[in-house]
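Here the structure comes first, spelled out in structure tokens, and everything after it is commentary.
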Amino acid sequence: MVSKGYWGTRSVLKRFDVKSSKTLWRWMNREDNPFPKPDIVQNGAENLWKIETVLAFEQRLLSASKQNDDDFVMEA
């Protein structure tokens with residue numbers, strides 16, 4: 001089931017346990033798996049992301065993490 005609606009900046013920060021919106025900005029500007037840009041930019045108010053966009057990003061993070069775990073082989 002895809003969630004409908006929007007999350008504001010504070011909700012996104014809380015979801016990822018991030019303290020500063022500057023961290024989100026850095027995530028949005030990284031080359032590898034950037035955080036999505038807000039769907040609605042509001043001057044003087046919170047930016048808004050579609051919930052399904054944030055969940056898709058989160059799923060990509062989890063998939064990348066699992067891929068890294070699968071690629072890791074301990075040597076004897």
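The values are calculated or read from the model by the stated rules, or taken from the named source; none is laboratory data. Nothing here was measured: the structure is a model prediction, and the numbers come from that model. Every residue, glycine as well, gets a Cβ built from its backbone with ideal geometry; the counts of neighbours run over all protein chains shown.
The set of residues from the range 14-38 being not hydrophobic (A, V, I, L, M, F, W, C) and not in a loop (DSSP other than H, G, I, E, B) comprises Lys14, Arg15, Ser21, Lys22, Thr23, Arg26. Of everything in the range 63-76 that is loosely packed, with under 10 Cβ neighbours inside 10 Å and in a helix (DSSP H, G or I), the residue that is modelled with the highest pLDDT is Asn68.
Scanning the range 39-52 for residues that are assigned to a loop (DSSP other than H, G, I, E, B) and either under 21 Å from Ala64 (Cβ atoms) or out of contact with any Pro (no Cβ under 7 Å at 6 or more places or on another chain) (or both) yields Asp39, Val41, Gln42, Asn43, Gly44, Ala45, Glu46.
Test Lys37 against the criterion of being at pLDDT 95 or above, surrounded by 14 or more Cβ atoms within 10 Å (Cβ to Cβ) and out of contact with any Ser or Thr (no Cβ under 6 Å at 6 or more places or on another chain), and give yes or no.
In short, no.
If you go through the range 1-11 and keep only what is touching an Asp or Glu at 6+ places or on another chain (Cβ under 6 Å) and surrounded by 13 or more Cβ atoms within 10 Å (Cβ to Cβ), you end up with Gly8, Thr9. If you go through the range 27-39 and keep only what is more than 11 Å from the chain's Cα centre (by Cα) and without any contact (Cβ under 8 Å) to a residue 24 or more places away in the chain, you end up with Asn29, Arg30, Glu31, Asp32. Note on the range 12-26: among residues that are of a type outside the set (Lys, Arg), in contact with a helix residue (DSSP H, G or I) (Cβ under 9 Å, 6 or more places away or on another chain) and surrounded by 10 or more Cβ atoms within 10 Å (Cβ to Cβ), the one that is nearest to Thr53 (Cα to Cα) is Val12.
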